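Everything below concerns the one structure shown next.
Derivation of every value follows stated rules applied to the coordinates shown; laboratory data play no part. In this text, all values refer to a predicted model and were calculated from it rather than measured experimentally. Reconstructed Cβ throughout: ideal geometry from the backbone, glycine too, with neighbour counts over all protein chains shown.
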Amino acid sequence: MPKEFVGPESDKLLGANLVPETLNGLLAGFAMAFTPEVMLYAFVGCVVGTLVGVLPGVGPLAGISLLLPVTFGLNPVSAIVLLAGIYYGAMYGGSTTSILMRIPGEAASVMTCIDGYAMTQKGRGGAALAVAAVGSFVAGTLSIVGLMLLAPPLAEFALRFGPPENFALLVLGLLVLAYMSSGSMTRSLAMAALGLLLGMVGMDTMTGLFRFEYGLSELGDGIGIVPVAVGLFGISEILISAGQSTRVDVRAPRLRELLPTRREWRASAGPIGRGTLLGFFIGIIPGPGHIISSFVSYSIERRLSKHPERFGKGAIEGVAGPESANNSATSGAFVPMLALGLPSGAVPAIMLAALMIHGIAPGPLLIQQQPQLFWAVIASMYVGNVVLLILNLPMVGLFVNILRVPYSYLYPSLLAFATLGVYAVNNSVVDLWIMGGAGLLGYVLRKLEFELAPIILGLVLAPMLELSFRQSLAMSAGNYTIFFTHPISAFMLSVALVLLLLGMRSTFTRAEGTRALASLEPSASQAQKGNP
Amino acid sequence: MRSPTIDQVAGSVLAAFSLLVLWECRKIPFGFLAEPGPGAVPLILAIALLAISIAVIAGGRAGRRFADVRWTEWRHAAAILASCAFMALAIERIGYRLTVLVALVFLTSVVEKKGWIAGAVYAGCFAFGTHYLFNHVLGVPLPQGPFGL
């Protein structure tokens, strides 16, 4: 068990002594993080996370859910350090197969495939890996500084958000995602609405009434995020890839090939900086921040580039920006989770579940009541980032060797792992049926070139969206103008409306305009070309 | 007559789904506009999905034809989904090890034609190895089958 914590009282952080108090807390956190037990779990988390990120079909969500039951016997600090290690390890690991084989290990690495793989085809795969690893390290480290310094004040600001602001924020998040998606905005909105409707299954939190559960008690708590996510992303990937018998040409770059040129370093500096900032702030917003941030970062880099035509053909900026952004978003996601007890997505939601299993109540008081947890997690993230930098580059050959396993043996193993992980979360067979159903749905939708991310975002946000909508109306005695009389909510809803109108215009006039430039996700058919 | 586009087919399916949800919503109290009940948000979302589906159909007249979609891997996909269904049906009846063993032998030896011995060795190692790792080393409880398997 880690030693007694002697850190700062978090309420002082809001005062003038922010920096010294933060440093005290960090030192105390490092004292805990450097205990053999916590170090071991940070290391194991990083290694497992990297493997999870490398394997197609097993994202951080599946990886964390698979290992969630393992943490039941650990103390809370070790448990959350292990899960956090898997989370940001997967962000690192996902880049490896994206760059070398155009196989996104997890959804946040989709953007890295485009230019990363193009660089590999030009013989610059090693440089792309190095830039991705260094960018991830820089972004990861800087964003932890951001998390450490900004969590308390941001929590204080976000606490001013009432139900109308929360509702507007969630609506805006969904519309931003739909606007940023490739193809027509209406298709993405349809997927978001589908996800929101799936999120309506289960007990109504305000009245306790069961909806759409059809006598299945397992659906009382709603459709699980884990089986849907594993099915939509993991099983559908297996279904699409299984029939393709092409052997994967795994060629790990040699150490000397990992060195980027001076021009590549220079070109990467800006995208890494922008990706770090962007990812951190997007990560705070509810939704799959690590996915959205990589998409938005790619779009921004392309727009800022003097030669946007290079994107898609091996632009290093297209690797540096998204990789930095998705790693930074991982830390950003910890801000609302640790400061407010609000999960910003599926992975933080599972981590919060792990905390609750250990008897820790998430919420604004968590930092004050459990400072050892907060600071040990922060310190272990620094340690984890160093471990990942050391692991990722020299051992890239070892990690990609897992892809030498013939796919005819690999996919049955993945299927069995997915089954084991989904079943182990709730010991529920219904979850396995949901996983299979979501897999079939994901397969069909990918064949029809629909995007899947809005479904999972809708599913995650649905209960929050409904609760904030109804709470807002309860606050205003049924007056709908409450959403427009609150300035923050009015602003966010106005932005959402503008995005909606712009998106609809391009849908019906076929004038893709700016959205064509922000065409972010490769279509299913494009993605398949890179699959084994 | 030209075949429908992907958007027309998908939009129609989504519209049908939204109509189904609208029909099911009648069982849940709507509440009032000023004080929405548990059925209000699902109803609003179903109406929104219906409207969006119509927009998808209307906007997709000139898109890619549904008939052009190639389902070349459907046999593999069907076999994998059948394995998923089998595992869901069997895991609590015959236990984790036997379920995974049978599913993996089916996928490697029958679907992928890797030979019975190779398939059985791989499936046995995987099923018993992961059971030992998760159940005994990591302490994740997994369902037992007949004869302690």
Among B:W23, B:I6, B:I44 - extreme Cα towards positive end, dipole of segment B:6-68, charges at beta-carbon:
B:I6
Summing -39500 (n - 2.57) over every DSSP H run of at least 4 in chain B, dividing by its residue total and rounding to the nearest 500, the 222 nm mean residue ellipticity is -20500 deg cm²/dmol
If amide hydrogens are placed 1.01 Å from N in the peptide plane, which non-local residues have theirs closer than 5 Å to the one on A:R211?
A:G202, A:M203, A:D204
Give the average, rounded to an integer, of partner chain Cβ atoms located within 10 angstrom of each Cβ in A:218-227.
0
For a quick check: sort B:E35, A:E21 by the number of other beta carbons within 10 angstrom, fewest at the front.
B:E35, A:E21
Convex hull over the alpha-carbon atoms of segment B:74-148: what's its volume per residue in Å³?
81 Å³
Quick one: order A:T120, A:T35 by neighbouring beta-carbon count within 10 Å, fewest to most.
A:T35, A:T120
Output ordering of B:81-89, B:136-144, A:221-229 (per-residue mean of other Cβ within 10 Å, highest first) is A:221-229, B:81-89, B:136-144
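Which of B:K113, A:K447 has the fewest other C-beta atoms within 10 Å, and how do the rest follow up to the most?
Going from sparsest to densest Cβ surroundings: B:K113, A:K447.
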Averaged over peptide B:64-77, how many Cβ atoms belonging to another chain are found within 10 Å of each residue's Cβ?
4
